[in-house]
Amino acid sequence: MQENGSNGSRTAQACAPRPHGKGAWQGLALAPALALLLGACSPALTPVTPEAQNTPEPAPAVAPSNATMRVIVQFRTPVAYADSTFLQTLGQQANARITYLASVSADTHVYRIEPLGNQRPVDVLQRLSEAPSVLRAEVDALAHPS
């Protein structure tokens with residue numbers, strides 16, 4: 001090896017043989033502790049919350065005012081649940097376009113409801129619930145929007 005000056009180059013020192021025995025393992029015992037410490041302090045591994053960044057959280061998604069929704073409707077008495085005239089009458093009461101989708105039981109059915117005009121879906125659902133033939137109406141929360 002070529003030495004650079006009286007103390008030798010760093011390359012020569014790094015490549016020099018190390019002593020065997022107790023002193024050889026001292027540097028290795030420190031390496032895992034150092035890696036753990038550096039990993040714990042690393043900004044890439046530490047999750048940053050919006051509060052820590054002083055960044056407001058994104059607003060929840062709001063359905064458009066004329067969003068189509070799936071609604072489960074239970075009727076007080078048997079009705080012509082899929083008849084176009086019945087659906088038109090129910091739609092006028094709720095101020096929405098109503099399309100029959102499926103039956104759950106003899107008195108409970110699933111409909112696609114599209115609010116007419118610029119109204120909130122919650123208002124349409126309230127008016128539908130107040131229809132004389134309807135016992136209850138609720139959004140089908142388990143289904144994907146249709």
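Here, each number is a calculation from the coordinates, and none is a lab measurement. A quick note: this is a predicted structure, and the numbers were derived from the prediction, not measured. A quick note on method: Cβ atoms are made from the backbone with ideal geometry, for glycine too, and the neighbour counts reach across all protein chains shown.
Residues in the range 95-109 that are under 34 Å from the mean Cα position of the chain (by Cα) and farther than 13 Å from Thr68 by Cβ: Asn95, Tyr100, Ala102, Ser103, Val104, Ser105, Asp107, Thr108, His109. Within the range 116-130, being over 12 Å from Gly91 (Cα atoms) and among the aliphatic types (A, V, I, L, M) holds for one residue alone: Val122. Here Asp123 passes the criteria (1) out of contact with any Gly (no Cβ under 8 Å at 6 or more places or on another chain); (2) at positive phi except the one numbered (2). Among the residues that make up the range 110-123, is at least one of them surrounded by fewer than 17 Cβ atoms within 10 Å (Cβ to Cβ) and in a helix (DSSP H, G or I)? Taking every residue of the range 110-123 in turn, at least one turns out to be surrounded by fewer than 17 Cβ atoms within 10 Å (Cβ to Cβ) and in a helix (DSSP H, G or I).
Select from the range 124-146 the residues that are touching a Leu at 6+ places or on another chain (Cβ under 8 Å) and polar (S, T, N, Q) and write down the one among them that is surrounded by the most Cβ atoms within 10 Å (Cβ to Cβ). That would be Ser133.
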